[in-house]
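Each remark here refers to the structure printed beneath this line.
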Amino acid sequence: MSDTAVLSNSQLNKRILSVIIFTFFCYLSVGLPLAVLPGFVKNQLGFSSFIAGLIISIQYFATLLSRPQSGRLADRLGPKRVVMLGLLCCGMSGVLTIVAALLSHWPWLSLALLAIGRLFLGVGESFSSTGSTLWGMNIVGPLQTARVISWNGVATYLAMAVGAPLGVLLNSQFGMSGFAGLIALMGVVGYLMASRKPAVSVSVGERIPFHRVFSRVWLYGLALGFGTIGFGVIATFITLYFASRDWQGAAYALTLFSLGFVLVRLGFGRFITRFGGLRVSLFSFLLECLGLLIIWQADSAWLVGAGAFLTGSGFSLVFPALGVEAVKRVERQDQGSALGTYSAFLDLGLGLTGPVAGLFIGHWGMQSVYLAAAMMVLGALLITLRLYTQQRLTT
């Protein structure tokens, strides 16, 4: 019997949280600029909505490209080293954002520095979050995979909920250097904290080639990617959506999204083990689609907030529910690679959301992106329904 088999729930959670805190640092770094950068790029640097969306999406593309590598590195070198490297990259993004703000009177140079900073943040996100999740899975055992992924998501969206309004507050008080300085500080503090924690042993065994890992998890990842677009259009364009209607409180719509996410994750995360990941995902996608349709037709700020809350509630269990099923498809020594590959589809969805939604806005208006996102979530539901049908036929 493993030593984790006799641990209480509180002891298991304490072990998990001791490393998931690095996910919190990572995603607080991601959340702080979200409600500020689009307005800075559009209003202060003078670029279009398309460029504002693209500068946000650069981070997601960097995460997409580095995510599979982060998983394979964690399998080989151990998750501790990968987390430490990721936190340094997050900190560097803060430094580059400070410099970009100081050079805002040279718009193209400032934009280039912002873009480089977003690249560092994207790599930092993939390394920190994938490494932290695998680290948690290793210290509590494979039977607690759903718990680790669930807590990782709580840390992610709690950080996003705090980050968006905190970024606005720091920006109003100190300018962009306020929130960017906090990002740099968290990178340094997180690195020092991770360096003092004991590493975990790397699983041994023959590892399968990447293309075989991909073939086993890609449908789960595709459903995740489509479902992620709902979050992407809220995170990237909700501030511009509110501004186009002269409404206040865009940052709090992001907070309501994250609040719904965290409450459902904490209250109903056990349903994944009880009912199965695919069944939970089906219901989750229906709820997310409903939230996006409410935002599409909303005629007041409070309705947008309600739609954001429902969207976050629906999206809450998608990542762990599909992720548990995806990780089951490989042996333990390949779980980092599987998790990284699966997570890359989330980054692909977020990366495509910015520029594609920016084009939608140019042709059909701001509201159109929320209808389009609802249709993509419906596509995710159909993919999951196919996987569920296949699972029923083979059991």
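The values are calculated or read from the model by the stated rules, or taken from the named source; none is laboratory data. Here the structure is a predicted model, which means the values were calculated and not measured. Every residue, glycine as well, gets a Cβ built from its backbone with ideal geometry; the counts of neighbours run over all protein chains shown. Surface accessibility is based on the protein's heavy atoms, side chains included, excluding ligands, DNA and RNA. Shrake-Rupley method; radii C 1.70, N 1.55, O 1.52, S 1.80 Å.
Leu266 falls short on exactly one of the conditions (1) open to solvent by less than 60 Å² (accessible area, probe 1.4 Å); (2) at pLDDT below 85, and that condition is (1).
Looking at region 7-37, which of its residues are open to solvent by less than 10 Å² (accessible area, probe 1.4 Å) and assigned to a helix (DSSP H, G or I)?
Scanning region 7-37 gives Leu12, Ile16, Val19, Ile20, Phe22, Thr23, Cys26, Ser29, Val30, Gly31, Leu37.
If you go through region 76-95 and keep only what is buried (at least 24 other Cβ atoms within 10 Å of the Cβ) and closer than 18 Å to Asp334 by Cβ, you end up with Pro79, Val82.
Okay, residues lined up against (1) assigned to a helix (DSSP H, G or I); (2) under 21 Å from the mean Cα position of the chain (by Cα); (3) small (Gly, Ala, Ser); (4) within 25 Å of Gly312 (Cα to Cα):
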residue: Ala115; (1), (2), (3), (4): yes, yes, yes, no
residue: Gly124; (1), (2), (3), (4): yes, yes, yes, yes
residue: Gly153; (1), (2), (3), (4): yes, yes, yes, yes
residue: Leu158; (1), (2), (3), (4): yes, yes, no, yes
residue: Gly167; (1), (2), (3), (4): yes, yes, yes, yes
residue: Leu182; (1), (2), (3), (4): yes, yes, no, no
residue: Val189; (1), (2), (3), (4): yes, no, no, no
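Which numbered condition trips up Ser258, out of (1) more than 24 Å from Leu222 (Cα to Cα); (2) of a type in the set (Gly, Ala, Ser); (3) touching a residue at least 24 places away in the same chain (Cβ under 8 Å)? That leaves (1) as the condition not met.
Restricting attention to region 40-57 and to residues that are assigned to a helix (DSSP H, G or I) and open to solvent by 20 Å² or more (accessible area, probe 1.4 Å), the residue that is nearest to Ile98 (Cα to Cα) turns out to be Gln44.
The one condition from (1) part of a helix (DSSP H, G or I); (2) open to solvent by less than 50 Å² (accessible area, probe 1.4 Å); (3) among the polar types (S, T, N, Q) that Ser104 does not meet is (1).
Got at least one residue in region 371-392 being at pLDDT below 80, assigned to a helix (DSSP H, G or I) and open to solvent by less than 10 Å² (accessible area, probe 1.4 Å)? Break it down into steps so the answer makes sense when it comes.
Within region 371-392, the subset at pLDDT below 80 is none.
No; the residues of region 371-392 include none that is at pLDDT below 80, assigned to a helix (DSSP H, G or I) and open to solvent by less than 10 Å² (accessible area, probe 1.4 Å).
Across region 273-316, the qualifying residues are those that are open to solvent by 10 Å² or more (accessible area, probe 1.4 Å) and among the β-branched types (Val, Ile, Thr), and the one among them that is farthest from Leu378 (Cα to Cα) is Thr273.
Quick grid of which residues meet (1) touching a Leu at 6+ places or on another chain (Cβ under 8 Å); (2) assigned to a helix (DSSP H, G or I):
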| position | (1), (2) |
| --- | --- |
| Gly230 | yes, yes |
| Gly260 | yes, yes |
| Gly267 | no, yes |
| Glu288 | yes, yes |
| Ile295 | yes, yes |
| Asp299 | no, no |
| Phe309 | yes, yes |
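Does Ser172 qualify as being open to solvent by 10 Å² or more (accessible area, probe 1.4 Å), modelled with pLDDT of 85 or more and closer than 26 Å to Ser10 by Cα? No. Between Val123, Val148, the distinction of being surrounded by 20 or more Cβ atoms within 10 Å (Cβ to Cβ) and modelled with pLDDT of 90 or more belongs to Val123 only.
Mind counting the residues in region 169-179 that are more than 23 Å from Phe257 (Cα to Cα), part of a helix (DSSP H, G or I) and in contact (Cβ under 8 Å) with a residue 24 or more places away in the chain? Before you say what the answer is, go through the steps one by one.
Initially, region 169-179 is screened for residues more than 23 Å from Phe257 (Cα to Cα), giving 173-178.
Cutting the leftovers down to part of a helix (DSSP H, G or I) gives us 173-174, 176-178.
Now restrict to residues that are in contact (Cβ under 8 Å) with a residue 24 or more places away in the chain: 176-177.
Counting residues in region 169-179 that are more than 23 Å from Phe257 (Cα to Cα), part of a helix (DSSP H, G or I) and in contact (Cβ under 8 Å) with a residue 24 or more places away in the chain gives 2.
Of the residues that sit in region 328-341 and are surrounded by 24 or more Cβ atoms within 10 Å (Cβ to Cβ) and closer than 18 Å to Gln144 by Cβ, which one is nearest to the chain's Cα centre (by Cα)? Taking the candidates together, the pick is Leu339. The listed residues are Leu87, Leu28, Leu64, and the only one of them that is at pLDDT 85 or above and farther than 22 Å from Gly269 by Cβ turns out to be Leu87.
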